[in-house]
Amino acid sequence: MQVLKFGGTSVGSIDRIQNVAAIIDEISQTEKQLAVVVSAMAGETDRLVALYRSLGVSIETREYDLLVASGEQASVALLSAALRKRGKKSTPLLGFQAGFVTDQKHSKAKIQNIETQHIQNLWADGSIPIIAGFQGVDAAGEITTLGRGGSDTSAVALAAALGADVCDIYTDVSGVYTADPRICPEARRIPILSFEECMELASLGAKVLHPRCVELGAKYRIPIRVINTFNRGECTVIKQMDSEDKGLESPVVTALSHDHNMILVTVHKAKNAVQDYARLFGPLSDKGVIIDIISNSAPDAQGFFDLSFSCPKEDIVNVETLLKKFGQEYTVRSGLSKVALVGTGMRTHSGVAARVFRILAEQSIPVFCTSSSEISLTCVVPSELVEKTIQSLHKGFELGNP
């Protein structure tokens, strides 16, 4: 039993859809129980989101989800037709037809259950289910979407619900690299990556996989393979690592990631850091806003603090609405990006931060704030210096090909 997921670039044209149909046809010769999850064609979701945003209204509505979910509807219909042309029996399904049940949070819904009986019936009938990713239906029967990158989450969740052996994510790269190859030509592919490291990379900006899908893979022990649709010779396997996979010594840093999709919000003249954070972050959490780097200044002579936090750019409307409601003085800083170093080797090696700041100081790269976890270190730098930052750190930590 196997779940395949094809991203937007993989189905970005009729020629590419026919190529995907050929891949599915080939795999189906040996795998009799296949489920295929498909994204919208490349650029289509962006187009639909831009149309909706041009109205200047909230995206947390049924209308938004109904609109953006239509991109995947086109993909599954075209791919199923391409398979039928090849003589393969297939059935296109929207999320709700495939049994995806979510909560009621429009634009950022979470999967609560997947009722797989219909898929099982299709297999019994000899048909390959072609399923629209990124979407489901709530208890009231309303179409919902899972947030950007949600098709990855759909695929791994379906693999878990079906008890699949593996979930293959087909995309336009041959796996996960030590850095973005477009920025670092010397970046190398990582053959095996732990769930833990991949989750950290994804949450800190790496675009290959969505963090929620990796989290599900880890929870249900579903190995994930990242495969190039156009060159299937190599891949990255993301799995629960054992001692044989890790070798005798883990590298200090496994990979770098970066994220331009951030803003830094500073709330001025806060009187009680803990109470103000609670007052802010509770409502923002209810809206599905993900808060990342958090820091506060030392109190001034009057006892006031500055509270700073980062969040995705698309959430600025929710943030500003709440701050204005509270009558809070604040500033929003754009033009900043995150660059993160990730590696389980950080647990057992000291001096990583010192080495990072020495490298950045040598290149005269300013750092506005930092955060760290047990296996990562994140620096916020000017967006125009991201490439220089990544190239310097990649070279400094000797992550490239030997």
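The values are calculated or read from the model by the stated rules, or taken from the named source; none is laboratory data. Owing to the predicted nature of the structure, the values given are computational and were not obtained by experimental measurement. We place every Cβ from the backbone using ideal geometry, glycine too, and count neighbours over all the protein chains shown. Accessible surface areas use protein heavy atoms only, side chains included; no ligands, DNA or RNA. Shrake-Rupley method; radii C 1.70, N 1.55, O 1.52, S 1.80 Å.
Residues in segment 215-221 carry Karplus couplings, in order, of 4, 5, x, 5, 4, 9, 6 Hz; the curve used is 6.51 cos²θ - 1.76 cosθ + 1.60 with θ = phi - 60°, and Gly or Pro positions show x.
State the percentage of accessible surface on segment 298-402 attributable to carbon and sulfur atoms; use a 1.4 Å probe and exclude ligands, DNA and RNA. Answer for segment 298-402 is 49 percent, counting heavy atoms of protein chains only.
For segment 1-160, the fraction of 1.4 Å probe accessible surface lying on carbon and sulfur atoms is 51 percent.
Under the simplified labelling scheme, the THR348-GLU398 pair shows an inter-label distance of 1.7 nm, with each label point 7 Å from Cα along Cα→Cβ. Of the beta bridges in the chain, as assigned by DSSP with both residues counted there, near 60 percent are antiparallel. Modelled this way, with points 7 Å down the Cα-to-C-beta line, the labels at ARG188 and VAL332 are 4.3 nm from one another. With the whole protein complex present, GLU234 retains an accessible surface near 100 Å², based on a 1.4 Å probe.
Compared with the direct C-alpha span, the chain from ALA50 to GLU115 gains 20.1 nm at full extension, assuming 0.36 nm per residue. Normalised by the number of residues in the chain, the mean separation of alpha-carbon contacts (under 8 Å, six or more apart) gives a relative contact order of 13 percent. Solvent exposure of the chain, expressed per residue, is 45 Å² of accessible area, with all protein chains present and a 1.4 angstrom probe.
Once C-alpha pairs closer than 8 Å and six or more residues apart are averaged by separation and normalised to the residue number of segment 1-68, the relative contact order reads 39 percent.
Each listed q (0.18, 0.20, 0.22, 0.24 Å⁻¹) maps to a log10 I(q)/I(0) for segment 1-65 from the Debye sum over equal C-alpha point scatterers, namely -0.74, -0.81, -0.88, -0.96. Taking each residue as 0.36 nm, the span from SER295 to ILE316 lengthens on full extension beyond its C-alpha to C-alpha distance by 5.7 nm. Histogrammed with a bin width of 5 Å, the alpha carbon distances of segment 282-362 distribute as 3, 9, 17, 18, 16, 14, 12, 9, 3, 0 percent, first bin at zero.
Under a 5 Å amide H cut-off, with hydrogens placed 1.01 Å from N, TYR330 pairs with HIS268 among residues at least 5 apart or on other chains. Working from label points 7 Å from Cα in the Cα-to-Cβ sense, the ARG62 to VAL274 distance is 4.3 nm. In the distance distribution for segment 254-299, Cα-Cα pairs more than 13 Å apart total 66 percent. Legend: translational diffusion of the chain by Stokes-Einstein, Rh = Kirkwood radius over C-alpha pairs, 20 °C, 1.002 mPa s; D = 95 µm²/s. Sorting 354-360, 35-41 by average packing, meaning the other beta carbons within 10 Å per residue, from highest down gives 35-41, 354-360. Averaging the Cα positions of each part gives two centres, and for segment 315-389 and segment 109-132 these lie 41 Å apart. I need the calculated FRET efficiency for the pair LYS207 and MET241, taking r as the beta carbon distance and R₀ as 25 Å, to the nearest 0.05. That gives a FRET efficiency of 0.65.
Tell me, what is the percent relative contact order of segment 1-122, built from C-alpha pairs under 8 Å that lie six or more residues apart? Rounded, it is 24 percent for segment 1-122.
In segment 67-226, the inverse of the mean reciprocal separation of distinct Cα atoms equals 16.6 Å; this is its Kirkwood hydrodynamic radius.
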